Amino acid sequence: MAEVLVYVDHVDGAVRKPTLELLTLARRIGEPVAVALGNGAADTAATLAEHGAVKVLTHEAAEYADYLVVPKVDALQAAHEAVSPAAVLVPSSAEGKEIAARLALRLGSGIITDAVDLEAGDEGPVATQSVFAASFTTKSRVSKGTPVITVKPNSAAVEAAPAAGAVEALNVSFSAQATGTKVTGRTPRESTGRPELTEAAIVVSGGRGVNGAENFAIIEALADSLGAAVGASRAAVDAGWYPHTNQVGQTGKSVSPQLYIASGISGAIQHRAGMQTSKTIVAINKDAEAPIFDLVDYGVVGDLFDVVPQLTEEIKARKG
Amino acid sequence: MSLRIVVTVKYVPDATGDRHFADDLTVDRDDVDGLLSELDEYAVEQALQISENSDDDVEITVLTVGPEDAKDALRKALSMGADKAIHVEDDDIHGTDAIGTSLILAKAIEKAGYDLVISGMASTDGTMGVVPALLAERLGVPQVTLLSEVSVEDGTVKGRRDGDAASENLEASLPAVVSVTDQSGEARYPSFKGIMAAKKKPVESWDLSDLDIEAEEVGLEGAYTTVDSAAERPARTAGTIVKDEGEGGKQLAEFLAGQKFI
């Protein structure tokens, strides 16, 4: 059976959820071979084996943290040479897409980004993408070289599928470009204790209607009652009420949770682009004409300052 | 000292228009109004600010690949303050994918001459966000991408990249490829004077032969990816909308409980 390379996104050995989703998709195409790089790479093996990795190629070097993108491209290229895979899958983060693009160019391969589903096909893997602010669904495949495909979070379920997960050291020699862009400083984000926005099963977002940074506390309270991540519209971010890292929309994060709750968000195209593929959509807005109501499964026309706290209380009461 | 900046820009269908696909499954560019991709305005703005903050002699060239109408995007960038423009136009370019586009851009950038390339974070139509990385790979120069802050001094570009897990400070020697996000600073509006001046600024037109690119390297034929189908997403079935009359929060909770979210 053909092997499929899966690039592992991890923090000091803790594998992030989108990588486990990639393993589910990789198993549809072939045998997953994971590539884990940098500090803690070998510590990823147990988790990856549990989810279907037959092999885990690892390489630790300071370059992965000290320089941008290129060392990881060098390593994936080395893994490609060692394995000759049927496809290379990479999580669709900002960095993941850059790594995948440079790898594809080196391999003489095509690249598909932001796939939301992946199936085996007669002429190689078929990727489903959601385009034009999710108003269209396309099916595409790579027609030259080894397919390099990046996949969005929440595109597949995480499945237990125990496999050998044999750890092998990967031989990597860094290219001349590897040390071109130096990371001179790194400030980790403070943890909010809430799930990562793109990975969360439930997202609660606030927009212009929240009307002030201090009022985001009621959005956060609702999110916490549901164990949800907090999002914000561009209007709320541009006004300085909430950090840009939480922005949902075309120039922020694109999310696809089981449940999306939009509070005080009108639903401009730029916002819809980032949340339209959510499974269930709920909105609370004063304006009955707001375009967000065209998308909802359930909508409440009303003042979010009345509705949201009542909802939060009711959820807490029901959860006991 | 002089500093040559090339800003890559894209002419895209208006996102607020009714975007769709043509029969050959390429983006239909005829039926929707086009404009300079909003995210590229930030790249033009940062080029102008680098120029304004520099003691060097800075020349800003805007570069686009696209059909005749794409000149509108160049005019907009010139009216914001760029010095000159290059338009790569060729019938054989229709249907070119990201890999092919990066080839055309890289050849044009090399022909134009550059110390710094500045791009937007992504186009607003394709939204792949991979072209800056591809340009750096092709040109063999550092990529300093997705910056929300950028500065150039003494042949070094520095910037801040805000990632999910951390905010990173980056540094590279010129020549380099930079991309900037929508957090890098609001783009200026062209002034009346700028719009008038833009009419007199030079716009060069190049075709594939000017760049030593064969037709089969680009276009639909040369594409590395194939789109097999494009279907309009079915409209979501109309949901339940209630007016809050004091119980809206409770009603919503009832709905969520019914869907097993509580």
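Look through region A:189-209, keep the residues that are part of a loop (DSSP other than H, G, I, E, B) and β-branched (V, I, T), and return whichever of them is nearest to A:A235 (Cα to Cα). First the steps, then the outcome.
Kept after step one, since they are part of a loop (DSSP other than H, G, I, E, B), are these residues of region A:189-209: A:189-201, A:207.
With the extra rule that they be β-branched (V, I, T), the set shrinks to A:192, A:198.
Values: A:T192: 22, A:T198: 19 Å.
The selected residue is A:T198.
Residues in region B:122-138 that are aliphatic (A, V, I, L, M) and more than 7 Å from every other protein chain (Cβ to nearest Cβ): how many?
Qualifying residue count, region B:122-138: 4.
Whether any residue in region B:165-179 is over 19 Å from the mean Cα position of the chain (by Cα), within 24 Å of A:S92 (Cα to Cα) and of a type in the set (S, T, N, Q) is what I want to check. Working first, answer last.
First, pick out the residues of region B:165-179 that are over 19 Å from the mean Cα position of the chain (by Cα): B:165-175.
Okay, now just the ones that are also within 24 Å of A:S92 (Cα to Cα), so B:165-170.
The next check asks that each one be of a type in the set (S, T, N, Q); those that pass are B:167, B:169.
Checking region B:165-179: at least one residue is over 19 Å from the mean Cα position of the chain (by Cα), within 24 Å of A:S92 (Cα to Cα) and of a type in the set (S, T, N, Q).
Test A:A232 against the criterion of being touching a residue at least 24 places away in the same chain (Cβ under 8 Å) and touching a Ser or Thr at 6+ places or on another chain (Cβ under 9 Å), and give yes or no. Break it down into steps so the answer makes sense when it comes.
Details: touching a residue at least 24 places away in the same chain (Cβ under 8 Å): yes; touching a Ser or Thr at 6+ places or on another chain (Cβ under 9 Å): yes.
Here the answer is yes, as A:A232 does meet what is asked.
If you take just the strands (runs of 3 or more DSSP E) that sit entirely in region B:1-42, which of them hold at least 2 residues that are surrounded by 20 or more Cβ atoms within 10 Å (Cβ to Cβ) and within 13 Å of chain A (Cβ to nearest Cβ)?
On the way: elements: B:2-8, B:11-13, B:34-36.
The qualifying strands (runs of 3 or more DSSP E) are B:11-13.
For region A:150-188: of the residues being closer than 23 Å to A:E50 by Cβ, in a strand (DSSP E or B) and of a type in the set (V, I, T), which is farthest from the other protein chains (Cβ to nearest Cβ)?
Step one: of region A:150-188, the residues closer than 23 Å to A:E50 by Cβ are A:151-170.
Among the residues that remain, those that are also in a strand (DSSP E or B) are: A:151, A:166-169.
Applying the additional criterion that residues be of a type in the set (V, I, T) yields A:151, A:167.
On the way: A:V151: 14, A:V167: 24 Å.
Looking at residues that are closer than 23 Å to A:E50 by Cβ, in a strand (DSSP E or B) and of a type in the set (V, I, T), I get A:V167.
Answer yes or no: is there a residue in region A:40-48 that is closer than 21 Å to A:V126 by Cα and at pLDDT 95 or above. I'd like the intermediate steps shown before the answer.
Of all residues in region A:40-48, those closer than 21 Å to A:V126 by Cα come to none.
No - not one qualifying residue is present in region A:40-48.
Would a scan of region A:78-91 turn up a residue that is in the same structural domain as A:G40 (by TED's automatic domain parsing), within 30 Å of A:G267 (Cα to Cα), modelled with pLDDT under 95 and crowded, with 19+ Cβ neighbours inside 10 Å? Before the answer, list the steps.
Restricting attention to region A:78-91, the residues satisfying the condition of being in the same structural domain as A:G40 (by TED's automatic domain parsing) are A:78-91.
Filter once more, keeping what is within 30 Å of A:G267 (Cα to Cα): A:91.
Going one step further and asking which of them are modelled with pLDDT under 95, we end up with none.
No, there is no match, as no residue in region A:78-91 is in the same structural domain as A:G40 (by TED's automatic domain parsing), within 30 Å of A:G267 (Cα to Cα), modelled with pLDDT under 95 and crowded, with 19+ Cβ neighbours inside 10 Å.
Results for (1) within 22 Å of A:S109 (Cα to Cα); (2) touching a strand residue (DSSP E or B) at 6+ places or on another chain (Cβ under 6 Å), shown as yes or no for each residue.
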residue	(1), (2)
A:M1	yes, yes
A:V6	yes, yes
A:V11	no, no
A:A14	no, no
A:E31	yes, yes
A:G52	no, yes
A:A62	no, no
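Within region A:279-293, is there a residue that is under 25 Å from A:K17 (Cβ atoms) and touching a residue at least 24 places away in the same chain (Cβ under 8 Å)? First the steps, then the outcome.
Initial filter on region A:279-293 (under 25 Å from A:K17 (Cβ atoms)): A:279-282.
Among the residues that remain, those that are also touching a residue at least 24 places away in the same chain (Cβ under 8 Å) are: none.
No, region A:279-293 contains no residue that is under 25 Å from A:K17 (Cβ atoms) and touching a residue at least 24 places away in the same chain (Cβ under 8 Å).
Quick check on this structure: which one of A:A228, A:A223, A:A283, A:A317 is modelled with pLDDT of 95 or more, out of contact with any helix residue (DSSP H, G or I) (no Cβ under 8 Å at 6 or more places or on another chain) and within 11 Å of another protein chain (Cβ to nearest Cβ)?
Details: A:A228 fails: out of contact with any helix residue (DSSP H, G or I) (no Cβ under 8 Å at 6 or more places or on another chain); A:A223 fails: within 11 Å of another protein chain (Cβ to nearest Cβ); A:A283 fails: out of contact with any helix residue (DSSP H, G or I) (no Cβ under 8 Å at 6 or more places or on another chain).
So the residue among A:A228, A:A223, A:A283, A:A317 that is modelled with pLDDT of 95 or more, out of contact with any helix residue (DSSP H, G or I) (no Cβ under 8 Å at 6 or more places or on another chain) and within 11 Å of another protein chain (Cβ to nearest Cβ) is A:A317.
Could you tell me whether region A:288-296 includes any residue that is over 30 Å from B:A165 (Cα atoms), in contact with an Asp or Glu (Cβ under 6 Å, 6 or more places away or on another chain), facing another protein chain (nearest Cβ under 9 Å) and of a type in the set (A, V, I, L, M, F, W, C)?
no
A quick yes/no check of all residues on (1) within 23 Å of the chain's Cα centre (by Cα); (2) within 13 Å of another protein chain (Cβ to nearest Cβ); (3) in contact (Cβ under 8 Å) with a residue 40 or more places away in the chain:
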{"position": "A:E81", "(1), (2), (3)": "no, no, no"}
{"position": "A:L107", "(1), (2), (3)": "no, yes, yes"}
{"position": "A:L118", "(1), (2), (3)": "yes, no, yes"}
{"position": "A:T128", "(1), (2), (3)": "yes, yes, no"}
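Go through region B:169-258 and tell me which strands (runs of 3 or more DSSP E), entirely inside it, have 3 or more residues that are more than 8 Å from chain A (Cβ to nearest Cβ) and touching a residue at least 24 places away in the same chain (Cβ under 8 Å). Outline the logic, then answer.
Numbers: elements: B:176-180, B:203-206, B:225-232, B:240-243.
The qualifying strands (runs of 3 or more DSSP E) are B:176-180, B:203-206.
Do any helices (runs of 4 or more DSSP H) entirely within region A:4-74 hold 2 or more residues that are over 22 Å from A:E98 (Cα atoms), and if so, which?
Numbers: elements: A:17-29, A:45-50, A:63-66.
Filter on region A:4-74 gives A:17-29, A:45-50.
Restricted to region B:89-108, and to residues that are β-branched (V, I, T) and under 18 Å from B:L139 (Cα atoms), which residue is surrounded by the most Cβ atoms within 10 Å (Cβ to Cβ)? Before you say what the answer is, go through the steps one by one.
So in region B:89-108, the residues β-branched (V, I, T) come out as B:93, B:96, B:99, B:101, B:104.
If we keep only those that are under 18 Å from B:L139 (Cα atoms) too, we end up with B:99, B:101, B:104.
Working: B:I99: 26, B:T101: 24, B:I104: 21.
Here the answer is B:I99.
Inspect all residues belonging to region B:139-162 and state whether any of them is among the aliphatic types (A, V, I, L, M), facing chain A (nearest Cβ under 7 Å), touching a helix residue (DSSP H, G or I) at 6+ places or on another chain (Cβ under 6 Å) and closer than 19 Å to B:V117 by Cα.
Yes, some residue in region B:139-162 is among the aliphatic types (A, V, I, L, M), facing chain A (nearest Cβ under 7 Å), touching a helix residue (DSSP H, G or I) at 6+ places or on another chain (Cβ under 6 Å) and closer than 19 Å to B:V117 by Cα.
The values are calculated or read from the model by the stated rules, or taken from the named source; none is laboratory data. Predicted, not measured: the structure shown is a model, and the values here were computed from it. Please note: Cβ atoms are built from the backbone with ideal geometry, for glycine as well, and neighbour counts cover all protein chains shown.
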